[in-house]
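The values are calculated or read from the model by the stated rules, or taken from the named source; none is laboratory data. If you're wondering where the values come from, they're calculated on a predicted model, not measured in any experiment. Positions of Cβ are backbone-derived with ideal geometry, glycine not excepted, and every protein chain shown enters the neighbour counts. With ligands, DNA and RNA removed, areas are computed over all heavy atoms of the protein, side chains included. Shrake-Rupley method; radii C 1.70, N 1.55, O 1.52, S 1.80 Å.
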Amino acid sequence: MLCRARPLFVNSRMFAQLLLTAVSLPVVAALSLVTPGGAVSGQPLTLVWTSILGDPSAFALLMVDEATYPLASDVNTALLSTTVTLPVVQDTTLPYTIQAVNPRDFSVVYAQTGQFYISAS
């Protein structure tokens, strides 16, 4: 006995619902920043990350607490590490994070470290 598959007919309403579902799915990037240790105010700090095929080819790095400090722009993702110089911070009791963001739109965050502290120099 031969079994034949029935063709799938999609009406315009069903197509619109499928399209809306596909568009609303989040974009998944595997870019992952490693939380740094040994950070010293005003000193160089090496940042390390992992990446997979499909991640953005470049990103900017921001240090964030109650303010935002640009650290680097157009960082090549394929390098998997870079060294930045931390700004001089006055309050070493605040936790900081570092974000990898879209270099042209800082509101698009690709990855973020866990919280870390910066010691006085």
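Restricting the first residue to the stretch 95-121 and requiring it to be farther than 17 Å from Thr46 by Cα, which pairs with a second residue that is of a type in the set (D, E, K, R) and assigned to a strand (DSSP E or B) meet a Cβ separation below 8 Å and a spacing of at least six or different chains?
Pro103/Asp74
When you look at Ser121, is it surrounded by 11 or more Cβ atoms within 10 Å (Cβ to Cβ) and closer than 19 Å to Ala39 by Cα, yes or no? Break it down stepwise before answering.
Values: surrounded by 11 or more Cβ atoms within 10 Å (Cβ to Cβ): yes; closer than 19 Å to Ala39 by Cα: yes.
Taking the combined requirement at face value, the residue satisfies it.
Where residues in the stretch 89-118 are among the aliphatic types (A, V, I, L, M) and within 15 Å of Trp49 (Cβ to Cβ), which of them is most open to solvent (accessible area, probe 1.4 Å)?
Val109
Would you mention how many residues in the stretch 66-88 are open to solvent by less than 60 Å² (accessible area, probe 1.4 Å) and modelled with pLDDT of 95 or more?
9
Residues in the stretch 36-66 that are among the small types (Gly, Ala, Ser) and part of a strand (DSSP E or B): how many?
Residues meeting the conditions: 2.
Can you pull out the residues in the stretch 48-90 that are acidic (Asp, Glu) and within 16 Å of Phe116 (Cβ to Cβ)?
Matches in the stretch 48-90: Asp65, Glu66.
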